[in-house]
Every structure is written in structure tokens, then in C-alpha cells.
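The values are calculated or read from the model by the stated rules, or taken from the named source; none is laboratory data. Only a predicted model underlies this, so the values are computations on that prediction, with no experimental measurement involved. Cβ placement follows ideal geometry from the backbone for every residue including glycine, while neighbour counts extend to all protein chains displayed.
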Amino acid sequence: MTFHDDLALDERLDALDPLRHLMQQPSSSDTSEDEDESSRVQSAVESLIPKQRRSILNESLELSFSGLGEQEQHPIALSLAVDASPGCGGIAWPAGEVLSSYLAKRGPGYVRGRTILELGSGTGLVGLVAARLGCESVCITDQAPLLDIMRRNVRANALEESVSVAELNWGEPLPSDIGQAPDLILAADCVYFEPAFPLLVQTLAELVDLHSSSSSRPSSSPAYDSTRQELAPETETEILFCYKKRRKADKRFFSLLKKQFSWTEVEDDPDRAVYTREAISLLRLHRRGSGGGG
């Protein structure tokens with residue numbers, strides 16, 4: 001069953017019995033089977049998503065993401081400052097590590113020549129991986145309390161030339177310092193605070209529309225066609241959205257999202273079987289009216 005099918009089934013069952021999640025209790029046999037299955041995949045999960053204490057203050061992680069083929073011999077290494085004191089965004093969360101790993105496996109050709117913006121960057125991890133792969137430029141964004149740790153991580157990895165840091169509050173007008181309209185938007189672990197759900201959808205739509213309006217004008221920089229890994233005259237903004245299911249309330253986000261976007265699951269990730277066991281999905285979003293699945 002796909003992520004989209006699972007969401008639709010959940011919505012239908014909730015409509016029939018809104019209290020079903022309060023009544024469900026796992027049987028002892030179900031619990032035992034779940035524990036056995038969990039232990040079988042735990043080593044694979046830990047290799048993809050390193051363990052990390054959630055109460056860390058001003059510490060540093062050394063992370064490495066391997067590519068495929070020849071790139072496997074030259075993993076992307078990053079030094080990442082992590083600090084929970086400015087908020088939960090100050091640590092590295094699983095979906096961010098999954099998305100970083102996917103970018104590394106796609107390799108430099110996937111981001112070369114692209115203008116990238118990351119939403120809800122937190123530590124800046126995903127954007128830093130994109131920069132290390134050699135994208136044209138990347139703007140990592142979040143709320144004001146997290147800007148300092150993002151700047152520290154940009155400096156620590158000597159990526160000042162290709163990475164900019166900007167404050168971007170979802171639902172507010174797009175700031176002028178985000179630079180050129182992005183043709184690739186990255187977002188990981190952004191579904192966690194229910195009042196922000198409509199604001200995130202609004203900002204995603206505005207960023208896509210910003211690129212669409214700039215693409216309609218003559219430009220010396222052709223857009224990037226992700227399906228062919230080459231430059232093409234015109235294409236929609238690509239959005240990679242990595243999400244870990246944690247609460248039933250998260251369904252409201254996707255109910256809001258589907259009014260303006262459709263989505264397809266990313267199926268070419270060799271680690272997909274590992275992280276789906278951890279309730280993580282990697283999606284490609286498509287602005288409604290611009291093509292794509294849903």
C-alpha cells in the first residue's frame with residue numbers, strides 16, 4: 001500500500017468510526033511480532049539514521065553520506081553543530097538524514113546548476129549536503145532562533161560561497177534575501193506543529209509560483225529537468241518532502257496539502273525499504289495544475 005493509499009484509508013476509517021484509535025489495543029501476539037520485526041531491521045535503520053540524544057546542548061556530530069558507484073568511495077562528510085536550546089530544530093532529525101542520504105545517492109549530477117531552497121532547515125543539514133554536492137546555490141531558511149546554529153554550520157564546513165542563510169517564517173511574505181527563485185525545494189521533518197500546517201502549505205505554493213512567474217520571463221539560465229538529469233527549457237519547481245509520521249493530527253496537514261498539491265512517492269531510493277519501516281516517507285510534490293501524480 002502506498003503512502004497516498006494509506007492516508008486515504010485512514011480518512012475513510014476515521015469517518016466511519018472517529019473514536020477507533022482510542023479503542024484499539026494491540027494484542028500480545030501483535031506486540032511480540034512487532035518487536036521481533038523491529039529488532040531484525042534495527043541495524044539497518046541505525047546505519048541510515050545515526051542515534052542521537054534529544055537533550056543535547058551545544059555538541060557536534062560528524063556525519064557521512066555515501067553515494068552510489070564511484071561516488072561510494074568519496075562520501076560526503078559534514079561537521080554539524082547541534083543544540084536543542086533554541087528549539088527542536090536545533091538537532092538532526094531522522095527525515096533530514098534520510099533526505100540527505102537520498103541526495104548523496106543521486107550524486108552531483110542531480111543538483112548541478114540548480115538553485116535550491118530548504119524550508120525548516122534547523123541545523124542546515126540537508127542544504128549543506130546539497131551544497132557539498134556542488135549545486136549552484138542553496139538558501140537554508142528557518143525562524144530567527146535557529147539562524148545562528150545554521151550560520152555556525154555553514155562556517156564549520158567552509159560553504160560560505162554557495163550557502164546563504166535567511167529567516168523565513170511560513171505564511172509571511174517571502175523575504176527578499178532568499179535570492180533567485182528556487183527550482184528545487186527541500187523540506188524534511190516540517191510536519192510537527194499543527195497551527196503551522198496551513199502556513200507551510202501557503203509558503204510552498206508561493207515559492208512554486210515565484211519560480212513559475214520568473215520562468216515565464218526570458219532567462220539566460222535554463223531550468224532543470226529532474227527526470228532526465230539535464231537542463232531543459234521549462235519545467236515545474238521540484239519539491240522533495242521527507243516526512244515522519246508521528247501523530248494522527250498529521251493527517252490534517254495532508255488534507256490541506258492536497259488542495260494545492262498532488263504527490264508521488266520517491267521510488268528510486270535504495271534505502272526506501274529501511275526507512276519506511278520507521279514510518280518515514282519521501283515524497284515529490286507537484287503544484288496542482290502543473291502536472292504530476294497525486
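Remarks
- Only one of the listed residues (Glu230, Glu265) is under 21 Å from Leu68 (Cα atoms) and at pLDDT 95 or above. That residue is Glu265.
- When the residues of region 155-178 are filtered to those that are touching a Leu at 6+ places or on another chain (Cβ under 7 Å) and modelled with pLDDT under 95, the one that is surrounded by the most Cβ atoms within 10 Å (Cβ to Cβ) is Ile178.
- Within region 261-280, the residues that satisfy the criterion of being more than 22 Å from Gly107 (Cβ to Cβ) and in contact (Cβ under 8 Å) with a residue 12 or more places away in the chain are Phe261, Ser262, Trp263, Arg277, Glu278, Ala279.
- Matching residues in region 140-154 - criterion: being crowded, with 23+ Cβ neighbours inside 10 Å and outside any helix (DSSP H, G or I): Ile140, Thr141, Asp142
- Among the candidates Ala181, Ala187, residue that is within 19 Å of Leu256 (Cα to Cα) and either under 16 Å from the mean Cα position of the chain (by Cα) or in contact (Cβ under 8 Å) with a residue 24 or more places away in the chain (or both): Ala187
- Residues in region 179-204 that are on the phi > 0 side of the Ramachandran plot and surrounded by 15 or more Cβ atoms within 10 Å (Cβ to Cβ): Asp189 only.
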